[in-house]
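Written below as structure tokens is the structure these notes are about.
The values are calculated or read from the model by the stated rules, or taken from the named source; none is laboratory data. On a predicted model such as this, the values are computed, not experimentally measured, just so you know. We place every Cβ from the backbone using ideal geometry, glycine too, and count neighbours over all the protein chains shown. Quick note on the areas: whole protein, heavy atoms, side chains included, nothing else; ligands and nucleic acids left out. Shrake-Rupley method; radii C 1.70, N 1.55, O 1.52, S 1.80 Å.
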Amino acid sequence: MIGIREALAGFESLPIRGQAVIAHGSFKSLGRVQGGPRVVVDALARSCDALIMPTFTYDTMVTPLVGPPNNALDYAAEEHTRQRQDGVSALDAIPFKRAMPADVEMGVLPETLRRRPDATRSLHPILSFAGVNAEFALQRQTMYDPLAPIGALAAKNGWIVLIGVDHTVNTSIHYAEKLAGRKQFTRWARLRKRIVECPNFPGDSSGFNEIASYLDNDVVTVTIGEARVQALPLNSLIDRVKILLRTNPLALLCQRNECMRCNEVRKAVRALPHPDLLPKGEG
Ligand SMILES: [Zn+2]
């Protein structure tokens, strides 16, 4: 069992003092922690300058009956599933509110951060972030640019901290994919009185561990409790992803046959003219 002292010593051993940090974590990975998730979030927030975590809310999502093609959605099937299985219609999605808890899928740490009295939250109805001392990043988010807070951290040479989790939850890889020109998607969310379109929605992340072998020299690792905690510079990650996707535009996709988002990315890549076939000067 660890307490605030061990948590603090662990995070302070990482090169994040005075830095802007985006963190992802599994509270359970740490083993028993005296004082619970609050102690972990407090220790991390005290060890850096600014801290954000994703507080995504998938319960707000709705699927229209019709929508753009090549969007990794089977609109008719979605509607069919809703009506047949549980009678849920678009109106049963939960309207986004600032005080809406982060999805349980995000784990207890982001929700703990969101509930701190000194925390603020951005207002994207699906892809919000909570943060402390991070207004400069949270304010950058727009409907059109949902991952802009990560760009704001990158502009300050920020860091990523992964607490007992791997790159499949590393949202910054999505930010880098978009910079590299990878296909994005459109999703929709319910607000109190209307449905809003959410463009530039990222793809699937289950193939993201492929990046790990390219990051060996950039990652600083420490053990806190039972968890392996990794810190890496955000801009190093962004550069590695950009280089990887330039070398292999199909990198970081998952191998599940039924993954609609990865399959749409493959289709989009194959639709591009092959660089070798372009006339000289256009490659
Ligand atoms: Zn996939």
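Residue-level analysis places T223 among those that are hydroxyl-bearing (S, T, Y) and not in a helix (DSSP H, G or I).
Report, by residue number, each residue of the range 160-207 that is closer than 17 Å to C262 by Cβ, of a type outside the set (D, E, K, R) and assigned to a loop (DSSP other than H, G, I, E, B). The answer is N170, A180, G181, Q184, P202, G203, S205, S206, G207.
I need a count of the residues in the range 137-190 that are of a type in the set (A, V, I, L, M, F, W, C) and under 30 Å from G31 (Cα atoms).
The qualifying residues number 10.
Residues checked against (1) open to solvent by 30 Å² or more (accessible area, probe 1.4 Å); (2) farther than 25 Å from T168 by Cα; (3) modelled with pLDDT under 95:
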position: G10; (1), (2), (3): no, no, no
position: R17; (1), (2), (3): yes, yes, no
position: G25; (1), (2), (3): no, no, no
position: M53; (1), (2), (3): no, no, no
position: T81; (1), (2), (3): yes, yes, yes
position: M100; (1), (2), (3): no, no, no
position: D103; (1), (2), (3): no, no, no
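Counting residues in the range 224-235 that are open to solvent by 70 Å² or more (accessible area, probe 1.4 Å), more than 16 Å from the ligand (Cβ to nearest atom), of a type outside the set (D, E, K, R) and touching a helix residue (DSSP H, G or I) at 6+ places or on another chain (Cβ under 6 Å) gives zero. The one condition from (1) assigned to a loop (DSSP other than H, G, I, E, B); (2) surrounded by 12 or more Cβ atoms within 10 Å (Cβ to Cβ); (3) away from the ligand (no atom under 16 Å from the Cβ) that I243 does not meet is (1). When restricted to residues that are over 21 Å from E197 (Cβ atoms) and among the aliphatic types (A, V, I, L, M), the range 32-76 contains 11. When A231 is tested against the conditions (1) assigned to a loop (DSSP other than H, G, I, E, B); (2) at pLDDT 95 or above, the lone failure is (1).
Restricting to the range 178-221, what's the tally of residues that are polar (S, T, N, Q), away from the ligand (no atom under 16 Å from the Cβ) and surrounded by fewer than 17 Cβ atoms within 10 Å (Cβ to Cβ)?
Number satisfying all stated conditions: 4.
Only residues that are touching a strand residue (DSSP E or B) at 6+ places or on another chain (Cβ under 8 Å), outside any loop (DSSP other than H, G, I, E, B) and free of Cβ contacts under 8 Å to residues at least 40 places away in the same chain were counted in the range 104-143, giving 3. Applying a threshold of 8 Å to beta carbon distances and a minimum spacing of six or more residues, or different chains, the list of pairs starting in the range 259-272 at a residue that is part of a helix (DSSP H, G or I) and basic (K, R) and ending at one that is open to solvent by less than 90 Å² (accessible area, probe 1.4 Å) and within 8 Å of the ligand (Cβ to nearest atom) reads R261/G203; R261/D204; R266/L253.
Kindly provide the set of residues from the range 27-37 that are of a type outside the set (G, A, S) and either over 15 Å from R5 (Cβ atoms) or open to solvent by less than 60 Å² (accessible area, probe 1.4 Å) (or both), ordered by number.
To start, the set of residues in the range 27-37 that are of a type outside the set (G, A, S) comprises 27-28, 30, 32-34, 37.
Answer for the range 27-37, where residues must be of a type outside the set (G, A, S) and either over 15 Å from R5 (Cβ atoms) or open to solvent by less than 60 Å² (accessible area, probe 1.4 Å) (or both): F27, K28, L30, V33, P37.
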